[in-house]
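The values are calculated or read from the model by the stated rules, or taken from the named source; none is laboratory data. The structure displayed is predicted, hence computed values, not measured ones. Reconstructed Cβ throughout: ideal geometry from the backbone, glycine too, with neighbour counts over all protein chains shown. Accessible surface areas use protein heavy atoms only, side chains included; no ligands, DNA or RNA. Shrake-Rupley method; radii C 1.70, N 1.55, O 1.52, S 1.80 Å.
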Amino acid sequence: MKKFNIRKVLDGLTAASSSSSATASPGAPRENDAVQETLQSEHFQLCKTVRHGFPYQPSSMAFDPVQKILAVGTQTGALRLFGRAGVECYCQHESGSAVIQLQFLINEGALVSALADDSIHLWNLRQKIPAILHSLKFNRERITYCHLPFQSKWLYIGTERGNIHIVNVESFTLSGYVIMWNKAIELSTKTHPGPVVHISDNPMDEGKLLIGFECGVVVLWDLKCKKADYRYTYDEAIHSVAWHHEGKQFICSHSDGTLTTWNVRAPAKAAQIITPHGKQPKDGKKPEPCKPILKVEYKTTRAGDPFMVLSGGLSYDNVGRRACLTVMHGKSTAVLEMDYPIVDFLTLCETPYPNDFQEPYAVVVLLEKDLVVIDLGQIGYPIFESSYPLTVHESPVTCCEYFADCPAELIPALYSVGSRQKRQGYSKKEWPISGGNWGQGTQSYPEIIITGHADGSIKFWDASALMLQVLYKLKTAKVFERARGKDEKPNTDIVDEDPFAIQTLSWCPESRMLCVAGVSAHVIIYRFSKQEVTTEEVPLLEVRMQCELSDVDSPDPGGEQTPTLPPSSSPQESEPPPQPSAGSNSSDGPRDNIPCLQVRSSPLKQSPGYQVELVVQLVWVSGEPPQQISTLAINSSYGLVVFGNSNGLAVVDYLQKLLLLNMGTSELCSPSDAQKQLRSPRKARQPSGALCESNDGSNTSEDRCKSPTSESTSPCNSDDERKPKFMEKVKFKSRRFSRTVASDFAKMSRKISSSVEQKAEQDGKDNSFTRSRSSSVTSIDRESREAISSFLFCESFPRKADTLLSPCLLVGTTQGSVMTVALSLPPGGDQRLQQPIGIASCGTLVQLKGGILTMALLDAAGTLLPPSYEPWYDPNASDEEKVRRRRPASPPSSQEGQDCQFAVLCSEKQAKVVAMPSQTCLHKHNITETSFVLRVDVVLMGGANCIACFCANGHIMTLSLPSLRPLLDVNYLPLTDMRIARTFCFSNLGQALYLTSPAEIQRITYSQETCDNLQEMLSELFTPVETPEAPNRGFFKGLFGGGAQSLDREDLFGETGAGKASRSLAQHIPGPGGMEGMKGAASGVVGELARARIALDERGQKLGELDERTAAMMASADSFSKHAHDMMLKYKDKKWYQL
């Protein structure tokens, strides 16, 4: 029977509704009817793929020494598993409680997790997506410690009350065997010993269990006799205990920074008491107490001295000292400083058997924000070079972009320049966490992720094949002068800290041009080169952007307006007005013409990779700091960069190093009238003009256009003598950066409230909007000013009457206006560097609800028209190679007659498809009524284009092109953190990602094909590995009873020997994994072996059941035979008449 698919039914309904929503007139051309849309609802499905980065807020760690798999638990209930490079897995406990401890079933493909909500879970790692097989929730006691002996199925669980319970990990049932705290301690003890902080069995005798209580009491418990053999007492609290492998000694770490060594058979007094970091007094007194030693591990070697590794224990004198790991080996003590506090550490050893020489070779240190692996086998204890992408959060991520299906040569080029940036001094050995196998997926297209960070750095990541590897790191802060003294800070007044933070970026993969905007209102343009150069002077262009006088509310709106030149005029055609030689920054008046950061004046040595082409800085205007840049775009074919903010936009020619256009938003809306500026939609409701230019200076388009030589750069010195009122004004104005959580949440809340209360808005050419107003007087009105929100360089028809394609720029604003700007480019070659570029504003193209987020162009067949680009060439190569690699500019083609392009325009509320050049709206779709769109992109999937949207209410949607039929609508992720809103981005081929935490990237797919192939693409955690042989006991140990003593735990803890546990103590919860999860193991060798093992288990189970039935039948037959024999004997000698 064919499965019913409701999405196909929805396709038909939405197609009808979409066509009915078209606003084109009956006589308008409808060429899009000929476009064959191939994408259907069944091509889309949403699911998570992989999670990269460092586990956020880690809380526990475990290691399987045979499988060589590392598990990390977090405070949010997440579980991250790591193997070799590229092998990592993420899973989540539903409760979200912190993971307090992890225990591997070594070489069994299973993991036990203990949570802060007093539940334990058994994870099956034999499948590619781990699942919970069993759960056990304790009701009356709180879990504090767990211990699972090697090759045992009985898990010891210590509680806050001091009791120890035992769980069968196969069935996840409690044993009736319980070790009560009052039986473990001496009867004469009057106080409770506290929670259980340690449990371990004697390495040489499984029948002896060592129990550590928080108060300082340690008990050696005899499991068979159910009594305490020895009790060891110390007057300081215990944090951890470690055995010597021979089982004759153990070491305790205490809260006063001491280590006590105890002989098992001498409980009266510690054999040795040392304070590793304490000062030893000369008079023989007790050393001064130190900080607690949180954990100690004691590992032995055959050939040399044992290793003792501990965390904590530093002297209280070391105020402000970073966390340290101490390695004591023989007479040497090494103190290794860490960058972050230590959460946990594990010593990796050659053998999993606790009763053999451990032979430690590395220490895995889990820090709050990093994972470090130390090589114990080399002098100086160097660290291993990490194989995982754990440095995503090295500096907080402020923006993110995702590029799937990039040019194939990009990744090798970035890797070649990035490999020279690697640190030296790493261990020469292989990364020791080397378990698992890579996936066998067929996804082979190159993918690149770019992250911008708060320190001004930009990282390029290779994200191909569900892996992540850093390729190259660019430090944009090198362009600026650094603060030399501790008290000296970068002189920036629009951010309190992180003045170099990346705000947004634009990257052209084909030409490798990169344009970056920072929070200090600066733009840096980079070229990619494989050769090192030294730039004597960094090219600098200063731009003066300010809001127009018409933005200021005035009692007489028809009063005098600032005249402007026609927008088609080029600023370089006339001489610029005289400018002061240095910016004004005296105490007599407000600062003016001063940038927020000072570009370095010394020569800049630029390594191979991205090298500075031009720096553009916005300057202060009459005491007001420049507005932060909201969006930007770069086009390598035109040699132009455009950026915008709440004041307007600026177009820069980075080849000629000239400012071509500096225009307010309202000027773009009214190109026909040069003397009259139209008011922006919200202008009439602005109560204050504090942020606008209100002096009597006349600022034309030419006035704000400055060449690099028009005035010298002056440092932005701090002004200590400013008036308090002005100081308060600047402080009110300043923000950390525009996309921080607080400001973004304020914007989101205002958008949500306005979207709910918003009245019906008119379509067409009407620019008037009626929206609800907040009670805030100043800040919201500043936000409400029409700002530039998006750009698109393209070759299209700027005006309705045009019949020839020409270069133009589409400009989108926060009020939903889409405007066109025509570009007139000179021929290529030397003429391009000498002749001016003409720019003309062509007015408003269309109006949408909400701010414009994305714009794109389709041809008549519905194929995406990407912006033109120039193929990459090395700017430092020979002139012959430049000429050979560079492509001449192609002349515009003639398109006569009917519409031949579709403009796709997406805003926070709706999407429209407009025919070009007739500018007729063919299709309109309201994406959301009650929420708003955070991110929208036009992407390629399945050989066709579609629109992908992410809304603030958590919905992810896709729309077909050009008809705007809804294809997917999934309530995926409610907006709980502004980080998601800032970093969510779509890419081609059904890929998307966002930062789910400050340190982790979550990748998702909305492609049905990728979801179907996900099992093959994911890596395998469990691989079949033989368990190492147990250590040889030796002839004499076997003869005289030495060596390890085994224990029949089944007989001791099973229901027969110990009885049943109380049902009210814990509740068993079957997991969703179970046997079905085991059967769902991945394909391939491991999957086949896992399935074979499952089949054998099932066959053994069935054979066992058959044996039981056979035995029951035999017993029944024996009983029948016995009864028959008794009956025969009873009536043997009786006559028939006696019966």
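Sort through Ser444, Ser457 and tell me the only one that's at pLDDT 95 or above and either under 21 Å from the mean Cα position of the chain (by Cα) or of a type outside the set (Lys, Arg) (or both). Break it down into steps so the answer makes sense when it comes.
On the way: Ser444 fails: at pLDDT 95 or above.
Only one candidate qualifies: Ser457.
How many of the residues making up region 933-965 are touching a Ser or Thr at 6+ places or on another chain (Cβ under 6 Å), in contact (Cβ under 8 Å) with a residue 40 or more places away in the chain and assigned to a loop (DSSP other than H, G, I, E, B)?
Residues in region 933-965 being touching a Ser or Thr at 6+ places or on another chain (Cβ under 6 Å), in contact (Cβ under 8 Å) with a residue 40 or more places away in the chain and assigned to a loop (DSSP other than H, G, I, E, B): 4 in total.
In region 279-317, which residues are open to solvent by 30 Å² or more (accessible area, probe 1.4 Å) and within 13 Å of Ser255 (Cβ to Cβ)?
Pro289, Lys291, Pro292, Leu294, Lys295, Tyr316
Take the residues in region 845-903 that are in a loop (DSSP other than H, G, I, E, B), modelled with pLDDT of 85 or more and among the acidic types (Asp, Glu), then tell me which one is surrounded by the most Cβ atoms within 10 Å (Cβ to Cβ).
Residues of region 845-903 that are in a loop (DSSP other than H, G, I, E, B), as a first pass: 848-851, 860-863, 865-878, 886-893, 895-900.
Applying the additional criterion that residues be modelled with pLDDT of 85 or more yields 848-851, 860-863, 865-875, 900.
Subsequent filtering for residues that are among the acidic types (Asp, Glu) retains 870, 874.
Numbers: Glu870: 21, Asp874: 16.
Result: Glu870.
Residues of region 37-55 being surrounded by 19 or more Cβ atoms within 10 Å (Cβ to Cβ) and either among the aromatic types (Phe, Trp, Tyr) or not in a strand (DSSP E or B) (or both), which ones?
If the condition is that a residue be surrounded by 19 or more Cβ atoms within 10 Å (Cβ to Cβ) and either among the aromatic types (Phe, Trp, Tyr) or not in a strand (DSSP E or B) (or both), then Leu39, Ser41, His43, Phe44, Phe54, Pro55 are the ones that fit.
Would a scan of region 407-425 turn up a residue that is under 30 Å from Glu1029 (Cα atoms), buried (at least 21 other Cβ atoms within 10 Å of the Cβ) and in contact (Cβ under 8 Å) with a residue 40 or more places away in the chain? Lay out the reasoning, then the answer.
Of region 407-425, the ones under 30 Å from Glu1029 (Cα atoms) are none.
So far as region 407-425 goes, no, none of its residues is under 30 Å from Glu1029 (Cα atoms), buried (at least 21 other Cβ atoms within 10 Å of the Cβ) and in contact (Cβ under 8 Å) with a residue 40 or more places away in the chain.
Quick one: count up the residues across region 118-143 that are part of a loop (DSSP other than H, G, I, E, B) and open to solvent by 40 Å² or more (accessible area, probe 1.4 Å).
From region 118-143, those part of a loop (DSSP other than H, G, I, E, B) are 118, 125-130, 139-142; that's our starting set.
Still in the running and open to solvent by 40 Å² or more (accessible area, probe 1.4 Å): 129, 139-140, 142.
Selection size over region 118-143: 4.
Quick test of your reading of the structure: Thr930 fulfils all but one of (1) touching a residue at least 24 places away in the same chain (Cβ under 8 Å); (2) touching a Phe, Trp or Tyr at 6+ places or on another chain (Cβ under 9 Å). Name the failing condition by number.
Among (1) touching a residue at least 24 places away in the same chain (Cβ under 8 Å); (2) touching a Phe, Trp or Tyr at 6+ places or on another chain (Cβ under 9 Å), Thr930 violates only (2).
Could you say whether any residue in region 544-556 is modelled with pLDDT of 80 or more and either crowded, with 22+ Cβ neighbours inside 10 Å or charged (D, E, K, R) (or both)?
First, the residues of region 544-556 that are modelled with pLDDT of 80 or more: 544-545.
Still in the running and either crowded, with 22+ Cβ neighbours inside 10 Å or charged (D, E, K, R) (or both): 544-545.
The answer is yes; a qualifying residue exists.
Kindly indicate whether any position in region 387-395 is of a type outside the set (D, E, K, R) and not in a loop (DSSP other than H, G, I, E, B).
Of the residues in region 387-395, the ones of a type outside the set (D, E, K, R) are 387-393, 395.
If we keep only those that are not in a loop (DSSP other than H, G, I, E, B) as well, we get none.
Looking through region 387-395, none of the residues is of a type outside the set (D, E, K, R) and not in a loop (DSSP other than H, G, I, E, B).
How many residues are assigned to a loop (DSSP other than H, G, I, E, B) and open to solvent by 10 Å² or more (accessible area, probe 1.4 Å) when one looks only at region 73-94? First the steps, then the outcome.
Within region 73-94, the subset assigned to a loop (DSSP other than H, G, I, E, B) is 75-77, 83-87, 93-94.
Remaining after also requiring open to solvent by 10 Å² or more (accessible area, probe 1.4 Å): 75-76, 84-86, 94.
The qualifying residues number 6.
If a residue has to be within 33 Å of the chain's Cα centre (by Cα) and closer than 19 Å to Tyr873 by Cβ to count, how many in region 521-539 make the cut?
8
Restricting to region 322-337, name every residue that is in contact with a strand residue (DSSP E or B) (Cβ under 8 Å, 6 or more places away or on another chain), outside any strand (DSSP E or B) and either open to solvent by 60 Å² or more (accessible area, probe 1.4 Å) or modelled with pLDDT of 95 or more (or both). Lay out the reasoning, then the answer.
Taking region 322-337 first, the residues in contact with a strand residue (DSSP E or B) (Cβ under 8 Å, 6 or more places away or on another chain) are 322-329, 333-337.
Next, only the ones that are outside any strand (DSSP E or B) stay: 322-323.
If the condition is that a residue be in contact with a strand residue (DSSP E or B) (Cβ under 8 Å, 6 or more places away or on another chain), outside any strand (DSSP E or B) and either open to solvent by 60 Å² or more (accessible area, probe 1.4 Å) or modelled with pLDDT of 95 or more (or both), then Arg322 is the only one that fits.
Given the condition part of a loop (DSSP other than H, G, I, E, B), modelled with pLDDT of 95 or more and open to solvent by less than 10 Å² (accessible area, probe 1.4 Å), answer yes or no: does some residue in region 479-487 qualify? Working first, answer last.
Of all residues in region 479-487, those part of a loop (DSSP other than H, G, I, E, B) come to 481-487.
Filter once more, so that each one left must be modelled with pLDDT of 95 or more: none.
Checking region 479-487: not a single residue is part of a loop (DSSP other than H, G, I, E, B), modelled with pLDDT of 95 or more and open to solvent by less than 10 Å² (accessible area, probe 1.4 Å).
Kindly indicate the residue of region 1013-1052 that is at pLDDT below 75 and of a type in the set (S, T, N, Q) and also most open to solvent (accessible area, probe 1.4 Å) among those meeting that condition.
My answer is Ser1046.
Of the residues in region 446-476, how many are closer than 20 Å to Asn988 by Cα, in a loop (DSSP other than H, G, I, E, B) and out of contact with any helix residue (DSSP H, G or I) (no Cβ under 7 Å at 6 or more places or on another chain)?
Total meeting the criteria: 3.
Criterion first (outside any loop (DSSP other than H, G, I, E, B) and either within 30 Å of Cys349 (Cβ to Cβ) or aromatic (Phe, Trp, Tyr) (or both)) does Val364 satisfy it? Steps first, answer last, please.
Values: outside any loop (DSSP other than H, G, I, E, B): yes; either within 30 Å of Cys349 (Cβ to Cβ) or aromatic (Phe, Trp, Tyr) (or both): yes.
Yes: the conditions hold for Val364.
Residues checked against (1) within 21 Å of Ser987 (Cα to Cα); (2) modelled with pLDDT of 90 or more; (3) open to solvent by less than 10 Å² (accessible area, probe 1.4 Å):
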site	(1), (2), (3)
Gly838	no, yes, no
Glu908	yes, yes, no
Ala911	yes, yes, yes
Pro917	no, yes, no
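Identify the residue in region 811-836 that is under 14 Å from Pro798 (Cβ atoms) and in contact with a helix residue (DSSP H, G or I) (Cβ under 8 Å, 6 or more places away or on another chain) and, among all such residues, is surrounded by the most Cβ atoms within 10 Å (Cβ to Cβ). Spell out how you get there, then give the answer.
Start the filter on region 811-836 by keeping residues that are under 14 Å from Pro798 (Cβ atoms), which leaves 811, 818-825.
Still in the running and in contact with a helix residue (DSSP H, G or I) (Cβ under 8 Å, 6 or more places away or on another chain): 811, 819, 821, 825.
On the way: Val811: 29, Met819: 22, Val821: 26, Leu825: 19.
Looking at the filtered set, the residue picked out is Val811.
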